[in-house]
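Worksheet: the structure to be examined is printed underneath.
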């Protein structure tokens, strides 16, 4: 297949495209594909009373499945059990609700394919809608990107695994964020390794750039992500409560829902004016916060490839993070005194630490935070030059070139398969 041909790409995302890492990834692909003169079309899930919040694609190039008193009666489903907005958990969907979910997405997908006539379908998450689309359109080349949260759902919802595997195992190609994630995909979905390609993910190098840091009195820290247990936020706040000097100030960026969010906010309130709860912010605003921060903290228990670490580094922030496989993949071969990794505690249910390990984790996290706070107080500016090439390798332009290669391979293989039938 000639690489000069410009394809029509139908992008699929079953949740809101503006509020999560997978949404940021999708929006980056839409921009890069447009820069390559591809034609884009998007099918996504949104809440009926909330806008999609996109500025990277025209509305006439989108179709939405509207949750809550519209196409689907209940609140929008999220790929994480705790989303930055009110949502429904997949594990709690009844058989009738699952039928409603499949019927609504089937109808919109069929309308989109009829209208747009895509050359290839690119779905996000190895989950229900990806499987459904593969079964609805067996002759259209189709690829999917794994974002990590789908692997967690797969393991947490064993009653849905057969439904997911029925379509996902017939994909033309799967894109993984890391080598570690590729191994997990192959094992869980019983795919051949040759079908899974490590593409990675990028960060917006136009937004997240180095900027001279302010006076470190107090030292400015930032956390960005969901306010949830899985992201380690309660343990972060407990660790910070153990540090009195040098003076510090935390920007708590992100939102959540339910009891976990309430618990995080209660702990933050105990720290008084040393914590500023920012709520959900745009990528542009997050970039401005990071430019004014000395340290970025990610105490998460589960991540795919955490782009926010790249965003923090590119902004000149010191890093304190748990030693997750995705974090290690980003920081592979990086030796720098402005990076501190904390041992992840033993976990059950993938993202819940054993109670007896919590105090050790909090102490270890507090120790590394204290070390970087002292370092930032003495030396607020860091030298990124030794790792600048590493950071630059995660640009979205470079990532899309890898994605494009997977497109070509998938189209070629699907057409060969159809011709042989």
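Numbers below:
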item: Failed item, numbered, when residue 223 is tested on (1) assigned by TED's automatic domain parsing to the domain that holds residue 25; (2) buried (at least 23 other Cβ atoms within 10 Å of the Cβ); result: (1)
item: Counted residues, region 145-165 - those being assigned to a loop (DSSP other than H, G, I, E, B) and touching a strand residue (DSSP E or B) at 6+ places or on another chain (Cβ under 9 Å); result: 2
item: Complete set of residues in region 155-170 that are touching a helix residue (DSSP H, G or I) at 6+ places or on another chain (Cβ under 8 Å) and surrounded by fewer than 22 Cβ atoms within 10 Å (Cβ to Cβ); result: 155, 156, 157, 160, 161, 163, 165, 166, 169, 170
item: Residue in region 55-62 that is outside any helix (DSSP H, G or I), over 17 Å from the mean Cα position of the chain (by Cα) and under 22 Å from residue 200 (Cβ atoms) present; result: yes
item: Among the residues listed as 418, 399, the single one being loosely packed, with under 13 Cβ neighbours inside 10 Å, touching a residue at least 12 places away in the same chain (Cβ under 8 Å) and under 30 Å from residue 141 (Cα atoms); result: 418
item: Region 62-71, residues that are in contact with a strand residue (DSSP E or B) (Cβ under 8 Å, 6 or more places away or on another chain) and either more than 24 Å from residue 228 (Cβ to Cβ) or buried (at least 22 other Cβ atoms within 10 Å of the Cβ) (or both); result: 62, 63, 64, 65, 66, 67, 71
item: Answer from 143, 196 - the residue that is touching a residue at least 24 places away in the same chain (Cβ under 8 Å) and more than 30 Å from residue 370 (Cα to Cα); result: 143
item: Any hit, region 294-309, residues being more than 22 Å from the chain's Cα centre (by Cα), surrounded by 24 or more Cβ atoms within 10 Å (Cβ to Cβ) and not assigned by TED's automatic domain parsing to the domain that holds residue 124; result: yes
item: Residue list for region 248-260, restricted to those being surrounded by fewer than 20 Cβ atoms within 10 Å (Cβ to Cβ), under 20 Å from the mean Cα position of the chain (by Cα) and not in a loop (DSSP other than H, G, I, E, B); result: 260
item: Residue within region 44-61 that is under 22 Å from residue 102 (Cα atoms), surrounded by 18 or more Cβ atoms within 10 Å (Cβ to Cβ) and at pLDDT below 90 present; result: yes
item: Residue 33 closer than 27 Å to residue 413 by Cα, free of Cβ contacts under 8 Å to residues at least 60 places away in the same chain, touching a strand residue (DSSP E or B) at 6+ places or on another chain (Cβ under 9 Å) and buried (at least 20 other Cβ atoms within 10 Å of the Cβ); result: no
item: Those residues of region 374-383 which are touching a residue at least 60 places away in the same chain (Cβ under 8 Å) and either in contact with a helix residue (DSSP H, G or I) (Cβ under 9 Å, 6 or more places away or on another chain) or under 16 Å from residue 341 (Cβ atoms) (or both), in sequence order; result: 382
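Every residue, every condition in (1) in the same structural domain as residue 254 (by TED's automatic domain parsing); (2) outside any loop (DSSP other than H, G, I, E, B); (3) in contact with a helix residue (DSSP H, G or I) (Cβ under 8 Å, 6 or more places away or on another chain), yes or no:
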| site | (1), (2), (3) |
| --- | --- |
| 53 | no, no, no |
| 81 | no, no, yes |
| 97 | no, yes, no |
| 100 | no, yes, no |
| 105 | no, yes, yes |
| 108 | no, yes, no |
| 122 | no, yes, yes |
| 131 | no, yes, yes |
| 143 | no, yes, yes |
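The values are calculated or read from the model by the stated rules, or taken from the named source; none is laboratory data. From a predicted model like this one, the values you see are computed outputs, not experimental measurements. Virtual Cβ from ideal backbone geometry, glycine too; neighbours counted across all protein chains shown.
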